[in-house]
Amino acid sequence: METARVQSVASTCTSKEDIPSDFIRPENEQPGITTVGSTDFEIPVIEINDSDEERLAKVIAKASSEIGFFQVTNHGIPRDVIDNLQRAGKEFFELPVQEKEEYSKLPGSLEGYGTALQKESEGKENIKGWVDHLFHRVWPPHVINHRFWPKNPQSYREATEEYTKQLRGVADKLFRCMSIGLGLEANELKDGAGGENLEYMMKINYYPPCPRPDLALGVPAHTDMSTLTLLVPNEVPGLQICKDGSWYNVDYVPDAIVVHIGDQIEIMSNGKYKAVLHRTTVDKHRTRISWPVFLEPPADFTVGPIPKLINDENPAKYKSKKYRDYAYCKLNKLPQ
Ligand SMILES: O=C(O)CCC(=O)C(=O)O
Ligand SMILES: [Fe+2]
């Protein structure tokens with residue numbers, strides 16, 4: 001059966017004060033009840049044009065171990081490269097739903113246009129997220145399937161390729177600093193996740209306006225299973241991170257790239273760096289769009305705590321396993 005796209009649901013209920021009951025979160029998840037107004041800690045914004053990687057590594061390592069989350073500025077990606085990416089993605093999502101369905105996911109594939117069907121634990125009803133998305137790989141060339149890249153607008157491919165090329169430079173810099181911050185050689189963290197075979201999975205999240213943003217969520221609470229996730233949002237706020245059990249709004253910082261530490265880096269660092277728990281809220285009047293890129297190990301690559309970081313006093317806290325098996329357990333909510 002076809003799933004209704006949230007964009008279609010939203011267009012039929014904008015004038016009303018309510019939303020279909022399958023989007024209403026239980027009270028302990030409702031953003032209207034569970035969001036903390038102000039932070040008593042700084043969510044770090046880090047300028048990464050510092051050529052002293054040792055110094056930068058310290059700042060990044062601190063943010064990665066205390067929060068697992070930060071934003072970076074002065075990253076060197078020109079504004080127009082990000083604008084072109086965002087314009088093309090927005091134009092794609094503004095096409096009629098029928099045209100977008102040509103890119104819908106095929107059974108068993110992650111790539112394509114779709115609406116998440118969130119698996120809840122046994123016996124619980126599924127609650128839907130107020131968001132549609134598009135997934136496709138963007139790097140390295142041998143994993144790209146252009147079948148899932150929009151042909152309309154025509155600028156989509158070039159804009160996405162250029163952004164990806166620039167983003168790889170930022171990712172490499174972050175990996176080097178995070179590796180140095182663990183006391184390792186600069187290349188060791190990236191090598192532990194697949195090195196040059198690391199796969200870049202692009203996602204576009206499209207969150208239409210929602211009449212009851214106090215009751216619904218876009219993407220519910222989760223950690224990313226990637227190594228790192230690098231994201232550029234549009235100007236509509238909505239990202240929240242969890243620290244010590246409380247939910248905090250993340251400010252929109254113009255021109256920044258948002259960095260989430262994902263599960264694989266937590267594992268490789270043997271818990272020194274933390275995968276951040278996060279979720280997204282939606283806006284009553286405006287459409288939020290975000291472009292995360294998940295940096296993932298190849299499916300058959302085994303990821304585990306980096307051997308140099310474990311010893312008798314500090315034994316491995318995580319199993320080593322193939323990324324494919326990790327992803328299977330995570331997506332099916334099975335123990336790791
Ligand atoms: O839209 C965002 O800012 C975050 C989305 C997200 O967490 C995800 O797609 O994994
Ligand atoms: Fe996420």
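The values are calculated or read from the model by the stated rules, or taken from the named source; none is laboratory data. Computed from a prediction, not measured in an experiment: that's the story for all the values here. No Cβ is skipped: glycine too gets one built from the backbone with ideal geometry, and neighbour counts run over all protein chains shown. Just the protein is used for accessible areas: all its heavy atoms, side chains included, with ligands, DNA and RNA removed. Shrake-Rupley method; radii C 1.70, N 1.55, O 1.52, S 1.80 Å.
Quick notes on this structure:
- Shape of region 20-96, Cα gyration tensor, a/c cut at 1.5: oblate
- Here region 1-50 exposes an accessible surface that is 48 percent carbon and sulfur, computed with a 1.4 Å probe and the other protein chains kept in place.
- SER8 paired with SER320, simple spin-label distance in nm, labels 7 Å along Cα-to-beta-carbon: 4.8
- Between the C-alpha center of region 46-116 and that of region 284-336 there is a gap of 18 Å.
- Estimated vicinal HN-Hα couplings, Hz - region 60-74 in sequence order (Karplus 6.51, -1.76, 1.60; Gly, Pro = x): 5, 5, 5, 4, 5, 8, 7, 10, x, 7, 6, 10, 10, 10, 6
- For LEU277, the residues 5 or more places off, or on other chains, whose built amide H falls under 5 Å of its own are CYS242.
- Amide hydrogen neighbours beyond the local backbone of MET225, cut-off 5 Å, H modeled: ASP263
- Only helical runs count toward this figure. For the chain, summing -39,500 (n - 2.57) over DSSP H runs of n ≥ 4 and dividing by all residues gives -8000 deg cm²/dmol at 222 nm.
- Rounded to the nearest 20 debye, the dipole size of the chain about its Cα centre is 520 debye, using +1 on the Cβ of Lys and Arg and -1 on the Cβ of Asp and Glu.
- Protection proxy ranking, highest mean first, for peptides 227-233, 25-31: 227-233, 25-31, where packing is the per-residue count of other beta-carbon atoms within 10 Å, averaged.
- Accessible area per residue was computed with a 1.4 Å probe on protein heavy atoms; VAL6 scores about 0 Å².
- In this structure, the amide hydrogen of GLY129, modeled 1.01 Å from its nitrogen in the peptide plane, lies closer than 5 angstrom to those of GLN118, counting only residues at least 5 positions away or on a different chain.
- 20 Å-binned pair-distance histogram of the chain (Cα, whole percent): 31, 61, 8, 0
- Furthest towards positive pole of dipole, PRO44, CYS13, ILE60, structure part region 8-79, Cβ charges: CYS13
- Percent accessible area from carbon and sulfur atoms, region 70-193, protein chains only, probe 1.4 Å: 48
- Remark: region 52-59, residue by residue, has Karplus-estimated 3J(HN,Hα) of 7, 5, 4, 5, 4, 4, 5, 5 Hz, where x stands for each Gly or Pro and the curve is 6.51 cos²θ - 1.76 cosθ + 1.60 at θ = phi - 60°.
- Between the beta carbons of ASP312 and ARG87, assuming R0 = 45 Å, the FRET efficiency works out to 0.25 to the nearest 0.05.
- Solvent-accessible heavy-atom area per residue, rounded to whole Å², over the chain at 1.4 Å: 47
- GNM flexibility winner over the chain from LYS151, LYS100, LYS173 (Cα, springs under 10 Å): LYS151
- For region 145-162, Karplus couplings with θ = phi - 60° (6.51, -1.76, 1.60), whole Hz, Gly/Pro x: 10, 5, 3, 9, 8, x, 8, 10, x, 4, 6, 4, 5, 5, 4, 6, 5, 5
- Candidates GLY183, GLY114, GLY68: whichever shows maximal mean-square fluctuation once the chain is modelled as a Gaussian network with Cα springs under 10 Å: GLY183
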